[in-house]
Each structure stands twice: as structure tokens, then as C-alpha cells.
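To start, the structure under review is shown below, and the notes come after it.
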Amino acid sequence: MLSITNLHASIEGTPILRGINLEVKAGEVHAIMGPNGSGKSTLASVLAGREEYEVTEGEVVFQGKDLLELAPEDRAREGVFLAFQYPVEIPGVSTTNFLRTAVNQVREYRGLPALDAVKFLSVMKEKMKLVEIDQKLLSRSLNEGFSGGEKKRNEIFQMAMLEPTLSILDETDSGLDIDALRIVSNGVNKLKSDKTATIVVTHYQRLLDYIVPDYVHVLYNGRIVKSGTKELAMELEEKGYDWIKEEVNAASV
Amino acid sequence: MTTTTNNNILDSILSQVPSGSSFSDLRESSSNFLEKKGLPAIKEEEYKFTSITKKLENSISDFSFAKKSDLNSETVESHVFDAFEGDLLVFNNGSFEKDLSKISNHGYTLSLISDAKPELLGKIAKTEKDPFVALNNIAFEDGVYLKVPKNQKVEKPILLLFLNQSNEGQVIHSRILIEVEDNAAVTFLEDSVSLDDKTYFSNMVTEIKVGQNSQVHYNRLQNESKNTITVNNTETDIHRDAVFTSVLVSLSGDMVRNNLSLNLLDSGCEGNMYGLYLLNGKTHVDNHTNVDHTKPHAQSNELYKGVLADSSRGVFNGKIFVRQDAQKTNAFQQNNNILLSEDAIVNTKPQLEIWADDVKCSHGCTTGQLDEEALFYLRARGLGKEQARGMLLYAFTGEVMDHISDEAFQNHIVNIVQNRLGSNF
């Protein structure tokens, strides 16, 4: 589904990603872990098309298409979804209104008829249950005055509405208490299928108790320096990242 | 001190004033004032960013008063916005057209200023406030005096439709005097329309008295042609426990200067001013507002927002006076701008003078670009770039349009704004 080859990216001339290689197949969950500043969020941002980042080398193929050639909106329409680490507050735009426009633009791109107000509402009600989100919240301005947990639930709710093929969760667990974490993970798990894939970017192993990964990758200095299964995550939880840094540094000397 | 050009403009306007007309005292004092003061000179503090006199000198070739245009009811109908319900007052180059208007007279009385000779004329908009008030005092002809009597609520809105066109002359003077007595309520809608693209100068004065415990809403749309020069002076006297709300939406014109003053004359009264300017091309819109808190326990709210594209120019100047007597005043002012191009300019200046010591006053102004992070967020959810931008700008402007107090007028303005935000910017 997704094939990343030798991806290099920089921001304002500073290289952040220095040759990422990653294969993601349908039905898989990949966790990307790593210490602060290792490039985890940059990878998520580059995949979603954030324009501040410049891709200097490498390629990303998503379902046979060159992802890097596409505008952010077209990536979304093709089925890539990024759950933001910091969801943006937008005063004056309600989640409901915005999402109806978004869903219908995505549907139009995929050759599906637009959802009318009634159908949209019934789909919305069904998806709301997934993340236990209240309709009142959705008629308020997008994320404005939402708690951290509400913002993250709103991200997963939007993901449910847009039905992506590839979901990228950028530190969705940061700042969540256990209850919120359980609700959010539950939503993600219910949306998984053998036709979709998930990339979970996280700093903490805790999330992976809920969203169980097939593969765990450790990102350090802009490269994937170690890959394994969920046991790797347990090891990182126990021992921290220092031993990985030491291994990498020793190897490069 | 007046310049030569200045005198030329004044002379040609003054020479057309019919002799022996009524209000001779007002016209004479205005004439004397103008002789001394002249039209605003370049760099004059009050007109620092808006060189109105120079603009008039360069753009207007014939300072004759525009004659009435040929209007019929179809022309009038075509310029009334959809779904309007209420009374319609039509003005043809500033002159009231009784036969083309639709007047039920339900809850108010209407007369020509020249017939009624109201005492109040010139008492709210004072001559020395602005040279263009003085000019209007001298030059206006068929203005209208509208009075809402005590304890009367006018159920439906009253639309003042100004149909303007250069016609054997390029200068138009419109004059409105509104007197709302105690415990009354009324909503006004005002729409000015250019009948063609020819350049004209419209100098308008509106005086409004809001009697004790009364509520007046004044919703105004400025969407004339790109060649229009407009000066609008609106002065309001707001009495005890009364509420006055102004909503002003400026969408077009060559140069537009709005002077809006709220005189909060007694305790318990409230003045609200909401403004939106959506500018492109070379349009220049200057909003000067003035709130005068004279007595305790009054409040004022002000929110002006602007979106500027191309090489348009916006000016906002918000004066708030809180006099020594006006303890327990609440006064809020906010001006926010989004610049969509590198050539667009906004000059914004809050001006607070507070002489009382127990008041709550706040002001703030911001000028920035469209929030790139918000734009990316919307696009990352599948919205096209243009659509995302339109949605953000519409959300920004909506806060002002929410205050338009008539639904049909609100829909009309929202539609124009949405179309503009979709593609025109």
C-alpha cells in the first residue's frame, strides 16, 4: 500500500529525515517510536503534505501513485489521513459544517454521490458512537475551547467520517488520560480492517497496549535504526532509548 | 488654512446653492465655518491616511449637483434585495422619490426636511465636527425627516435605498434626520447602489436621535461602483437606557470615508458598532468611529474586521472618550485585519481618552495573514485550497454579519460576501 524509499526531507535547509525506508501493507499496524527530535512528526507531516518541509531525495508511492506529487487535499481524497498532534482551533467554523464539505469533496473525487443533509447526519450519528463524542461539541467552533481529550476524539471522529485507507496518528496519545486513551484507541481499532493500514507515531509504549502493532520501528536522527515486533516497544519502555543511541553511535564510529 | 484647489471645489459647490432657501442660520454658519476651515488639507490629522480633497480634485471634473435620474418602478424593484419585507424609501441622487417608495406609515411619520423644518436638524451632527457635515448643511435639498413617536414599535424594517448616478453633475448630497422618541423601537436597512460606473461624489449626513429606553438598529451596506467617492457622516444622540446598534458592511468603492459617532448622553445606555470591510483592487475604506461616554453606567461595544486583497487600503480609527462623570463605564473595542496580499495596507489606531477612574475599557487590534496552519488542517481533510481559504475567511467575517438584525438583509449580504470569498479574492 505504502512504500517509502530513501526519503530525505529538510526544513529551512536543516535536514530532518535522512533516508527513511518503510513498507506498509494493507491490514498492518506500524508503530514509529523514538526520542524527541528524532523526526517522527516530520515523517507524518511529509506524508500528509505539509508545505514547510522540502523533500530533497527519495520517493513515496501510495497505492501505485507518487504521493509527493499530490497536493494535501488530493492525498486526503486518495485516502491518506493524518490525525494531528496539535489539532488546530478554528473559530467560526463548526465541525459539522466543515466535515460535510470535506466528506462531499472526498466523495466527489472518488466518484461517489454527495451525501444530503439527512444521510450525512445519520452517518455522523453512527460514527459519533465510535469515539463517544457529543453532538453538541460538533456544532461548536472546530476545536475551539475543546479539552485535549476532546480534540483527539474529534480527530478520530473525522477519521471515521472520511474512511481513509492509510491513517497516520501523530502522537494521538500525548496528553490523554487513561479513559480518553481507551476511547480513542477503541475508535481506531474498530476502524481497522484488512483493507486499511495504520501508522502510529508515539513517544510512549502505553498506547501500544491498546492499539497492538504488527511492527515497531525506532527512528533516530532521521533514520529507522531498529525494527521489530511489539516486544521491541516493551524493551524500549523498560530500558529507554539510550541503548539504541549508543548502538547507533558505536556503529557509526 | 485652505488651498487654492480647495477653494475652487468649495466655490463651485457653494455657487449652486439656491438663494433664499430655508435653514438660513445653519447654512450661513456652515458657510462661515467652511470659509475658515476649508476641506481637509493633505496630512490633516483627521484625514491623515485619506487624502479625500486630493481625490475629489483628481477624480471629479464637474462639481455640479447631479440631477435626478430617470427612474421607474422596475428599475427600483431590480435594486431591492430578495425577500425584503417592509417599507421602502427611495432616493434618487439624494432626492426623496415619494411615488417610487412604498410607505405604510405604520408606526412612524415621514416628511421632507424642507417642509417640516425640524428643530433638531443640525443639532446632532454639529457643523464644526467635520467639513463635510458643513458642506452637506449648505448643499442638501430634498432630505427626509422620519419620526417614530413615543411607545411605538415599528414592526417591519424600513429600507432606505439610495440610487446614485452621475447625471449632468457629479455631486450628490443626501440628508436624513431620524427622531425616535421614548420607548420606541425601529430597524433601518440602508443600501446604496450605483446605477452605472460613472464617477460621482456622494456626501451623506445621517442624524439619529434615540430617545429614552428606545432601541434602534441601523444596518448599512456600501457596495457602490469602483469609481465612487463617498463621505458618510452618521451622528447619533443616545439617551437614557436606550440601545443603538450600527452594522456597516463596506464592499466596494474608490474611496470611502465613514465618520460614525455615538454620543452616549445618559446612564444605562448602550452603543454597539460592528463593521466589516472586504476590499480588493484599489478600494480605500476609512472608518473613523467615535464613542463619547458622558454619564455613569453606560456601555459600548465595537468590533470592526477587515479582509484586504490586491492593493486595497483600510483605515480604522476608534476614539473612545470616557468623561470624568462616566464612572462604571464598560467600553470595548476590537479591530482585526487579514491581509491577503503584500500590497494591501491597513492603518489602525485605537484612541482612548479616559478621565474617570472606575471603568472597564479594553481595546485591541491585530493585522496578519491567513492562518497557514488552519489552512493546512482543512486541506489535509480533503478541502480544496480555495474552498479552505473561503471557509476560513467566511468564519472570520461571520462574527460581524451575525449582528445584522434583519434576516433577509443578512442573507443578501452573506451571499455577496460568500461569492466574493469563493473566487474574487
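The values are calculated or read from the model by the stated rules, or taken from the named source; none is laboratory data. All figures in this text were calculated on a predicted structure; none of them were measured in a lab. Note that we place each Cβ from the backbone using ideal geometry, even for glycine, and neighbour counts take in every protein chain shown. Accessible surface is based on the protein model in full, side chains and every heavy atom, while ligands, DNA and RNA are left aside. Shrake-Rupley method; radii C 1.70, N 1.55, O 1.52, S 1.80 Å.
So here's what we get for this one:
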read-out	value
Portion, in percent, of the accessible area of the stretch A:2-252 that falls on carbon or sulfur, probe 1.4 Å	47 percent
Charge tally in the Cβ shell below 15 Å around residue A:242, where Lys, Arg are +1 and Asp, Glu are -1, residue A:242 excluded	-2
Dipole magnitude (debye, nearest 20) for the stretch A:92-185, charges at Cβ of Lys, Arg, Asp, Glu	400 debye
Alpha-carbon gyration tensor eigenvalues x 5, square-rooted, for the protein assembly as shown, Å	61, 25, 24
Reduction of at least 50 Å² in accessible surface, 1.4 Å probe, comparing all protein chains with the chain by itself, residues of the stretch A:76-104	A:84, A:88, A:90, A:98
Cβ charges +1 (Lys, Arg) and -1 (Asp, Glu), total dipole of the stretch A:2-252, debye	800 debye
The stretch B:81-197 shape via C-alpha gyration tensor axes, a/c threshold 1.5	oblate
Antiparallel %, DSSP beta bridges [both residues in the stretch A:146-232], to 5	50 percent
Summed buried accessible surface, chains B and A, 1.4 Å probe, nearest 100 Å²	1900 Å²
MRE, 222 nm, helices only [DSSP H, n ≥ 4, -39500 (n - 2.57), over chain A, to nearest 500]	-12500 deg cm²/dmol
Computed [θ] at 222 nm, deg cm²/dmol, chain B (DSSP H ≥ 4; -39,500 (n - 2.57); rounded to nearest 500)	-6000 deg cm²/dmol
Under-5 Å amide H pairs with residue B:183, H placed in peptide plane, nonlocal only	B:151, B:212, B:213, B:214
Sequence-separation-based contact order of chain B, relative, with Cα cut under 8 Å and 6+ spacing, percent	10 percent
Cβ-derived FRET efficiency at R0 56 Å, residue A:21 paired with residue B:83, nearest 0.05	0.35
Point-to-point label distance, residue A:126-residue B:11, nm (Cα→Cβ direction, 7 Å offset)	8.2 nm
Chain B - Kirkwood radius from inverse mean 1/r over Cα pairs (Å)	22.0 Å
Alpha carbon convex hull of the stretch A:1-131, projected area averaged over orientations, nm²	9.9 nm²
At least 10 Å² accessible surface lost relative to isolated chain, residues of the stretch B:386-401 (1.4 Å probe)	B:387, B:391, B:392, B:395
Positive-end extreme of charge dipole, the protein assembly as shown - chosen from B:30, B:262, A:172 (charges on Cβ)	A:172
Percent antiparallel among DSSP beta bridges (both partners in chain A, rounded to 5)	60 percent
Percent of C-alpha pairs per 10 Å bin, the stretch B:372-425, short to long	25, 45, 25, 5
Chain B, dipole about Cα centre (Lys/Arg Cβ +1, Asp/Glu Cβ -1), debye to the nearest 20	600 debye
Enclosed volume per residue, in Å³, of the convex hull spanned by Cα atoms of the stretch B:235-301	60 Å³
Ordering of B:30-41, A:34-45, B:167-178 by packing [mean C-beta count within 10 Å, highest first]	B:167-178, A:34-45, B:30-41
List of the stretch B:356-378 residues, accessible area with partners at least 50 Å² below that of the chain alone (1.4 Å probe)	B:373, B:376, B:377
Percent carbon-and-sulfur accessible area, the stretch B:372-425, ignoring ligands, DNA and RNA, probe 1.4 Å	41 percent
Within chain B, percent of DSSP bridges classed antiparallel, to nearest 5	5 percent
Label-zone membership for the stretch A:58-88, site residue B:386, 7 angstrom Cα→C-beta point, backbone N under 20 Å	A:70-78
Options A:49, A:251, B:368, ranked by Cα towards positive dipole end of the protein assembly as shown, top entry (Cβ charges)	A:251
Extreme residue, positive dipole direction of the protein assembly as shown, given options B:285, B:304, A:102 (C-beta unit charges)	A:102
Pairwise label distance in nanometres, residue B:156 with residue B:75, each label 7 Å out on the Cα-Cβ vector	2.4 nm
Part-to-part distance (alpha-carbon centres) for the stretch B:138-171 and the stretch A:55-124, which is given in Å	50 Å
Normalised contact order of the stretch B:274-387, rounded percent, pairs of Cα under 8 Å and 6 or more residues apart	26 percent
Solvent-accessible heavy-atom area per residue, rounded to whole Å², over the protein assembly as shown at 1.4 Å	41 Å²
Semi-axes of the equivalent ellipsoid for the stretch A:130-253, Cα gyration tensor, largest first, Å	31, 16, 13
Chain A: relative contact order as a whole-number percent, Cα under 8 Å and 6+ apart	27 percent
Evaluated at q = 0.15, 0.16 Å⁻¹: base-10 log I(q)/I(0), Debye formula over Cα of chain A	-1.10, -1.24
Chain A: most fluctuating residue of A:215, A:109, A:204 per GNM, C-alpha cutoff 10 Å	A:109
Equivalent-ellipsoid semi-axes of the stretch B:34-102, from the Cα gyration tensor, Å, largest first	35, 16, 12
Pair-distance profile P(r), taking every C-alpha pair of the stretch B:266-333, with 10 angstrom steps and integer %	21, 40, 23, 13, 3
